[in-house]
1. Run the dipole for the chain about the Cα centre, Lys and Arg Cβ at +1, Asp and Glu Cβ at -1, nothing else charged, and hand back the magnitude in debye, nearest 20.
2. Label-point separation (nm) for K111 and K73, each offset 7 Å from Cα along Cα-to-Cβ?
3. Starting from region 36-86, pick out the chymotrypsin sites (Phe, Trp or Tyr not before Pro) whose DSSP state is loop and whose Cβ has at most 15 other Cβ atoms within 10 Å.
4. Suppose only helical runs count, i.e. DSSP H with n ≥ 4. What mean residue ellipticity at 222 nm does that imply for the chain under -39500 (n - 2.57) per run, divided by all residues and rounded to the nearest 500 deg cm²/dmol?
5. Which entries in the list K77/K104; K71/K111; K53/K77; K53/K88; K86/K111; K24/K88 go over 23 Å, if you measure between the two C-alpha atoms of each?
6. I need the trypsin sites (Lys or Arg not before Pro) found in region 33-120, filtered to DSSP loop residues with at most 10 other beta carbons within 10 Å of theirs.
7. Could you put E51, E65 in order, starting from the residue whose Cβ has the fewest other Cβ atoms within 10 Å?
Amino acid sequence: MNKRVVGDTKELLACNYLSQQGVKILERNFRCRTGEIDIIAKDGKYLCFIEVKYRSDDFFGEPQEAVNFRKQKHICKVSDFYLYSKYKSFDLPVRYDVVAISQKDNIFTFKWIKNAFYHI
C-alpha cells in the first residue's frame with residue numbers, strides 16, 4: 001500500500017474519532033498553492049487546523065514528533081490562506097491540533113493534542 005492510501009485511511013480514522021468527540025469536520029485535505037492541511041474542523045468556538053500523523057511502531061519516535069517547526073510554519077501559511085479566502089478575516093478563534101495515531105497488534109490508539117502549537 002502506498003503512502004497516500006495509508007495517509008487517506010488514517011485521516012478518515014482521525015475524522016471518525018474527532019466526530020465521536022463532538023467535532024464538526026468542515027474540510028479534509030484542503031489544498032492551495034501554499035500546501036495542504038489534513039483536517040479543518042469546528043470544535044466549540046474554535047476553528048481547528050488539524051495535522052494527522054501515524055506510526056505503525058515507535059522506531060522513529062512518537063507520531064506527533066513529526067510535526068516539527070518547519071511543518072508548523074507550513075500549516076500556519078495554509079491556515080492564513082484559508083482564513084482569508086473563506087472568512088475574509090483573521091479575527092476568529094483558531095487552534096492548531098495534532099491527532100497522533102499509533103498502532104500495535106492491530107489496535108489503534110488516538111492521541112488528540114489540542115493547541116499542539118501556536119501560529120508562527
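Every number here is computed from the coordinates shown, using simple stated rules; none is lab data. Keep in mind that what you see is a predicted model, and the values were worked out from it rather than measured. Here the Cβ positions follow ideal geometry from the backbone for every residue, glycine too, while neighbour counts run over all protein chains shown.
1. It works out to roughly 400 debye.
2. The two pseudo-label positions are separated by 2.5 nm.
3. F59, F60
4. Values: 2 runs with 37 residues, N = 120.
The helix-only estimate for the chain comes to -10500 deg cm²/dmol at 222 nm.
5. Over 23 Å Cα-Cα: K77/K104; K53/K88; K86/K111.
6. R33, K45, K88
7. E65, E51
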